[in-house]
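Peer 1: First, the structure itself, so that you have it in front of you.
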Amino acid sequence: MTVLATASGSAYIIIWVIIIVAMMYFMMIRPQKKEQSRKDALMNSLAIGDTVLTTSGFYGTIIDIQDDMVIVEFGSNKNCRIPMQKAAIADVEKPESAVKAD
């Protein structure tokens, strides 16, 4: 009888470990992968003329795109052009001329 009780106790432990791993996957790993794929799609859709929000909170307009760098123009001053990494871009707003009306 003790052998049967030990075997069923081990089965319960294995089931609980599987449940905990599944919960970690659905609550931590899967959302992080979705967010990373959304960020990758955002970086791939960058175009010259897009208005971007940087991670530091500044709005600017992309004037040049390189491999992993962009040159962003801030404000109405044409002399304020700063090169930055694409990873520093938090959000992208397409120009209104590219947005189609319903």
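Peer 1: I'm told Asp40 meets every condition in (1) within 15 Å of Val92 (Cα to Cα); (2) in contact (Cβ under 8 Å) with a residue 12 or more places away in the chain except one. Can you identify the failing condition by its number?
Peer 2: Exception for Asp40: condition (2).
Peer 1: Additional query: Please go through the stretch 43-78 and give me each residue that is under 17 Å from Glu93 (Cβ atoms), free of Cβ contacts under 8 Å to residues at least 24 places away in the same chain and acidic (Asp, Glu), ordered by number.
Peer 2: Glu73
Read-outs throughout are calculated quantities, based only on the coordinates presented, and are distinct from any laboratory measurement. All values derive from a computational prediction rather than experimental measurement. FYI the Cβ positions are ideal-geometry reconstructions off the backbone, even for glycines, and counts take in every protein chain you see.
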